[in-house]
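Single-structure report; data block below.
The values are calculated or read from the model by the stated rules, or taken from the named source; none is laboratory data. Not measured: the values here are computed from a predicted model. A quick note on method: Cβ atoms are made from the backbone with ideal geometry, for glycine too, and the neighbour counts reach across all protein chains shown.
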Amino acid sequence: MSRNTVFVGVALLAVAMFTVSCAKPPQQEIDQAKAALAAAEQSEAAKYAADAYDQAQRAMNAVNAELEAQNAKFALFRSYTKTKQLIVDATNAANAAKEAAIAGKERAKNAAQAAIDAAKAALTAAGEAMTALENCRRKPKDLKKDLEMMKGNLDAFTGQMSAIEGAFAREDYFGAKAQAESLQGQVDAMTTELAEVKAKIKC
């Protein structure tokens, strides 16, 4: 083996060792993955796409764990090939969580609006049932007092709608939906009671 061959071999080995020893974390890709996860957080993925967001967080945790594992090695033995693939997976998961959050929020908004509309319709029906009962010619002595009490309850129910619409305006769609459904249930029960009273007095 000639001296030149030996020299070239040593030189190549030195270059290879230098290249490996200079392996650095893919910081740009890491920053992009973090930005994607932050965008998912801003889209309220934790609220509207919990499963997808959890998957994105676990993917980012895997990236961090691999980075720590490589950093714990001697510089000569560090490799970020696996890290780069994990970063791609984490970025994709974060982007998917963002898209899922946007869709989930829209579904929640539509569901809340439907619940509010149903509650308003229930209030209208209760008001009509109240008017129909008030217009009955045959009324027991205690009916007037009962009607006044029920009318006060109906006014209170109607007053709750502003708070529900306020929650909707604040984009608290889950809260608005739950409140609207609760209100509808109470109003429907009142309407049923009014109808039963009307039938009982044979109005």
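Those helices (runs of 4 or more DSSP H) of region 43-162 in which at least 1 residues are assigned by TED's automatic domain parsing to the domain that holds LEU183, considering only elements entirely within it, cover 81-134.
Scanning region 151-192 for residues that are surrounded by 15 or more Cβ atoms within 10 Å (Cβ to Cβ) and aromatic (Phe, Trp, Tyr) gives PHE157, PHE168, TYR173. Residues of region 132-150 that are surrounded by 16 or more Cβ atoms within 10 Å (Cβ to Cβ) and either small (Gly, Ala, Ser) or modelled with pLDDT of 95 or more (or both): none at all.
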